[in-house]
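Visitor: One structure follows; several queries about it will come next.
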Amino acid sequence: MLTTLLAATLALQDAPVTATPEPPAEMSVSLDALPIEQAAAARCAIAFATISRWQKAGEERGKAYPDMEAGGGREFFVRVMARLMDEAGLTRENIAALSVSEAQCNDAPEGAARLARMMPACEMMKSAAGL
């Protein structure tokens, strides 16, 4: 299981980061400032949330993925964000700001390709979490 998590984490680090919008002033932390395991889990959680939003809106780019609601994407998001609050001391405002910033990257024109590269590792991470 540890090997799977490490492979997933390392695979996510290979996903090129697109131009990240400037974080809101109230955000005092970025994903890059978090330990690699926390940053990778947060990126995946927000990726699942982004795809779920696309699916609910009926967007074509969401159709390439399994149903995020039924597939544990929401539960993964909740668990990861709660863990970030506990382990990293982030506030709800920090979590919201991180989520908005990352979601903006996912929604950018190159965001769908970025998510496609990330999803195999994210799915492994979600599976390793028992979801």
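A short reminder: the numbers here are calculations on the coordinates, not readings from a lab. All of these numbers come straight from a predicted model, not from anything done at the bench. Note that each Cβ is placed from the backbone with ideal geometry, even for glycine, and that neighbours are counted across all protein chains shown.
Visitor: Quick one: which of 70-79, 86-95 comes out on top by average Cβ neighbours within 10 Å, and what's the full order, highest first? Mind dumping the intermediate values first?
Guide: Values: 70-79: 17.7, 86-95: 14.4.
Peptide ranking by packing, descending: 70-79, 86-95.
Visitor: Taking every pair of Cα atoms in segment 21-117, average 1/r, invert it to obtain the Kirkwood radius, and report Rg/Rh to two decimals.
Guide: A ratio of 0.96.
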